[in-house]
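Down below is the structure, laid out as structure tokens.
All of the numbers you see were taken from the coordinates with simple rules; none came from a lab. Bear in mind the structure is a predicted one, so any value in this text is a computation, not a measurement. Virtual Cβ from ideal backbone geometry, glycine too; neighbours counted across all protein chains shown.
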Amino acid sequence: MVKELNYPPSPQPSDGAISHSARLTKDGSQAAGYPASGRGSNREKQSINAAVIGGGYAGMAAAIALTDRGFQVTVFESARQLGGRARSVVYQDTRLDNGQHLLLGCYRQTLHLIEHVGGKIEQDFLRLPLQLDLHGEFSLKAPRLPAPLHLLAALLTAKGLTLGERVNAVRFMLALRGTGFQLTDDMKVTELLAIHKQDLALVQNLWEPLCIAALNTSIHKASAQVLLNVLRDALNGSRADSDMLLPRIDLTELFPQRAASYVERHGGKIFISSAVEALRPLDNGIEVTSVNGISHFSHIICATPPMVAAKLLRPIAALAEAVVQIDSLEHQPIYTVYLQFPAHVTLPHAMIGLHQRCSQWLFDKGRIAGQHGLIAAVISAEGIHQELSREELAQKVIVELREVFCIADQPQWLKVIAEKRATFCCSPNLRRPSQKTGLPCLMLAGDYTACDYPSTLESAVLSGLTCADQVPDN
Ligand SMILES: Cc1cc2nc3c(=O)[nH]c(=O)nc-3n(C[C@H](O)[C@H](O)[C@H](O)COP(=O)(O)OP(=O)(O)OC[C@H]3O[C@@H](n4cnc5c(N)ncnc54)[C@H](O)[C@@H]3O)c2cc1C
């Protein structure tokens with residue numbers, strides 16, 4: 001039996017946002033589109049029968065965009081819940097996320113879509129001005145000045161660097177601005193930092209943590225151009241673009257669940273626990289074999305993780321190029337250690353980094369989401385921590401919390417979530433598969449597909465919107 005989602009309807013936005021198009025233009029204005037509330041053109045669209053495979057952020061973004069164009073879309077999701085890598089996990093009656101996520105103010109399409117389906121950004125997130133705090137070692141905080149002065153002031157007043165190092169960082173940023181954050185040839189981040197003579201302290205305290213946080217790839221492997229793309233959009237636009245947003249509600253509720261309610265309200269169908277097992281091109285579309293049986297669609301947006309996409313696409317000769325590109329992607333892990341301490345335990349800030357420790361970033365979920373005593377330690381990218389068992393890793397984090405913050409309490413429970421394939425390895429000159437494939441009726445969505453950005457919620461959402469654009473009107 002197909003399990004159909006029956007989420008309670010999410011609150012209708014009082015500002016009428018639901019009738020707006022799903023997509024923002026690049027400058028942030030609303031794109032022309034088919035307002036969902038004013039559709040009524042379904043009869044003309046009967047020849048188009050689109051389905052989305054995968055209910056993560058990419059798939060649900062595609063589903064929303066198709067819904068807004070008047071299509072009654074079908075979503076197949078293999079798991080029992082939506083959200084994919086950005087999903088909620090319930091443990092010990094506590095809602096956790098599959099990994100602590102941070103969004104940047106420049107993730108415009110994601111933030112817009114969250115609002116479009118009923119979210120309220122200022123309620124749903126804790127918004128922090130750009131700041132990096134490596135406890136006791138380094139700190140930088142952007143003052144409330146217009147961009148890019150806020151960044152220059154942040155760099156010039158950073159603690160833990162000499163005056164010469166601070167000036168050097170500013171010089172680097174100005175040089176990047178001068179080139180529009182565009183390199184002639186991509187290279188590794190370490191190479192770019194060497195060309196611009198960034199001192200060791202700057203590399204260790206600023207650029208390395210920033211690169212790992214943004215690209216989930218070490219500076220020795222990461223693409224300088226992709227890092228510059230993020231810096232360009234986060235640091236070179238408005239001040240709000242560099243804000244850091246920490247979700248106050250779980251990642252499934254934040255967008256995919258609201259998106260599902262939205263799609264269903266407009267006649268679409270969401271099938272959970274419904275893995276797609278095979279795709280077969282037909283003269284007039286694609287045959288989909290799922291655990292529920294066989295169905296036929298005119299267009300398919302495949303928004304699964306890359307390895308599943310490769311498996312589904314491999315038997316189709318016309319998609320060989322995409323499969324080769326997917327197969328060549330390497331992956332990087334992210335470990336999240338959740339520790340539930342007694343409610344009185346807190347950290348000095350909502351988010352704080354540790355210098356040269358196993359725990360890279362610590363999040364005080366009490367300060368962020370009212371989950372008092374809950375601390376999330378995030379360890380991004382590959383490293384020697386992967387040689388530890390989950391229990392050993394958790395104990396290491398507990399010891400670090402004791403040594404650095406004098407937290408003597410023992411956690412009441414702990415949960416280690418290891419995502420071995422959290423993101424692709426964002427190396428230079430990576431050829432990511434296009435959303436368009438060798439079959440006009442099949443598109444690829446997902447954070448790994450072609451995009452300026454690394455593997456992020458924003459790249460996932462952008463890919464979903466791009467795929468939806470490829471579906472013709474009739
Ligand atoms: C621990 C962790 C921390 C992260 N931190 C951040 C962060 O701070 N900021 C940020 O922007 N990004 C972060 N990311 C990355 C972000 O989560 C991903 O880029 C994004 O969620 C990818 O979305 P997606 O829709 O492309 O893929 P996925 O989320 O992988 O969605 C694919 C969906 O397809 C479904 N599926 C699989 N097989 C089938 C099948 N056969 N049939 C039907 N459905 C199928 C899956 O169940 C899943 O729901 C993090 C990721 C992880 C894992």
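Principal axis extents of the Cα atoms in the range 371-474, from largest to smallest and rounded to whole angstrom, are 63, 31, 20.
Between the range 73-106 and the range 325-345, how many Å separate their Cα centres? Answer, in whole Å: 13. With the convex hull of the Cα atoms taken as the outline of the chain, the averaged projected area works out to 22.2 nm². The range 293-321 and the range 174-241 have Cα centres spaced 35 Å apart.
Fewest Cβ neighbours within 10 Å first, please rank 455, 359, 298, 273 accordingly. Don't skip to the answer; put the middle values down first.
Values: 455 27, 359 24, 298 20, 273 17.
If I rank by nearby Cβ atoms, fewest first, I get 273, 298, 359, 455.
Peptides 466-472, 56-62, 436-442 ranked from most to least packed by the mean count of surrounding Cβ atoms within 10 Å: 56-62, 466-472, 436-442.
Only the Cβ atoms of Lys and Arg (+1) and of Asp and Glu (-1) were treated as charged; on that basis the dipole of the range 344-474 about its Cα centre amounts to roughly 100 debye. The range 109-163 and the range 391-440 have Cα centres spaced 22 Å apart. Shown is the FRET efficiency for residue 163 and residue 327, computed with R0 = 60 Å from the Cβ-Cβ distance and rounded to the nearest 0.05: 0.75.
Rg over Rh for the range 316-410 works out to 1.19, using Cα positions for both radii and the Kirkwood form for Rh. Please report the base-10 log of the normalised intensity I(q)/I(0) for the range 232-389, using a Debye sum with one equal scatterer per alpha carbon and no solvent, at each q in 0.10, 0.11, 0.15, 0.16 (1/Å). So the normalised log intensities work out to -0.66, -0.78, -1.10, -1.13.
Under unit Cβ charges (Lys, Arg +1; Asp, Glu -1), what dipole magnitude, rounded to 20 debye, does the chain have relative to its Cα centre? Could the numbers behind the result be given before it?
On the way: 44 positive and 45 negative charges, 87 e Å.
The calculation lands at about 420 debye.
Efficiency by 1/(1 + (r/R0)^6): what FRET value for residue 372 and residue 240, r their Cβ-Cβ distance, R0 = 25 Å, to the nearest 0.05?
Working: r = 29 Å, r/R0 = 1.15.
My answer for the efficiency is 0.30.
So which of 188/365; 188/436; 311/365 end up more than 31 Å apart by C-alpha? Intermediate results must be reported in sequence, preceding the final value.
Details: 188/365 34 Å; 188/436 28 Å; 311/365 38 Å.
Violating the 31 Å Cα-Cα cut-off are 188/365; 311/365.
The calculated Kirkwood hydrodynamic radius for the range 216-269 is 14.4 Å, given to one decimal from all distinct C-alpha pairs.
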